[in-house]
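The values are calculated or read from the model by the stated rules, or taken from the named source; none is laboratory data. Since we're looking at a predicted model, the values are computed, not measured. Glycine gets a Cβ as well: all are built from the backbone with ideal geometry, and neighbour counts include every protein chain shown.
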């Protein structure tokens, strides 16, 4: 069952939040998910704070976006797959990597393969990472810090993917060219 979400009373709250958190992206996009999250202002505040923290991790911007895109695809979050497709393009990933991630395949780049494999594993196992997966990730050149930074990515995707699932967030017009359809379960 979908919940009914309202946009009209959110205008005042979003105006305040825009000033506080600079919600609009550099290209002027105000993602529809923010309006959905603003129904619970602390959810939006938590998401924005965590997103800001994740952006400061030692993972590269492409690695960050690859992890978020892979988790979102695994969680069948159509809104977030479209959004992170744009994010990973902006971060500089090539089209073949993006195509692989959207198809839930392993990218041909060794570092991105390790990041996405571990992020997917961590997400699927609800944090109960198997030692063999931890070892493989570390052997690929990552550290304990990177392991824990991917926990942040999983938490971020829990907030946004779950919100989009219960709220039925429609794609912004700007994201429609990047639309993705989740495979049938």
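Points worth noting:
- First in segment 41-58 and on the phi < 0 side of the Ramachandran plot, second anywhere and outside any helix (DSSP H, G or I), Cβ under 6 Å, 6 or more apart: 44/38
- For beta carbons closer than 6 Å, sequence separation of 6+ or different chains, a first residue in segment 78-91 that is within 15 Å of residue 153 (Cβ to Cβ) and a second that is at pLDDT below 95, the qualifying pairs are 81/180.
- Applying a threshold of 8 Å to beta carbon distances and a minimum spacing of six or more residues, or different chains, the list of pairs starting in segment 133-158 at a residue that is touching a residue at least 24 places away in the same chain (Cβ under 8 Å) and at positive phi and ending at one that is assigned to a helix (DSSP H, G or I) and surrounded by fewer than 20 Cβ atoms within 10 Å (Cβ to Cβ) reads 141/111.
- Flag for residue 156 being assigned to a helix (DSSP H, G or I) and modelled with pLDDT under 95: no
- Total residues in segment 61-87, condition crowded, with 23+ Cβ neighbours inside 10 Å and within 19 Å of residue 151 (Cα to Cα): 15
- Residue list for segment 134-153, restricted to those being buried (at least 18 other Cβ atoms within 10 Å of the Cβ) and assigned to a helix (DSSP H, G or I): 137, 146, 149, 150, 152, 153
- When the residues of segment 159-185 are filtered to those that are surrounded by 11 or more Cβ atoms within 10 Å (Cβ to Cβ), outside any helix (DSSP H, G or I) and in contact with a helix residue (DSSP H, G or I) (Cβ under 8 Å, 6 or more places away or on another chain), the one that is modelled with the lowest pLDDT is 182.
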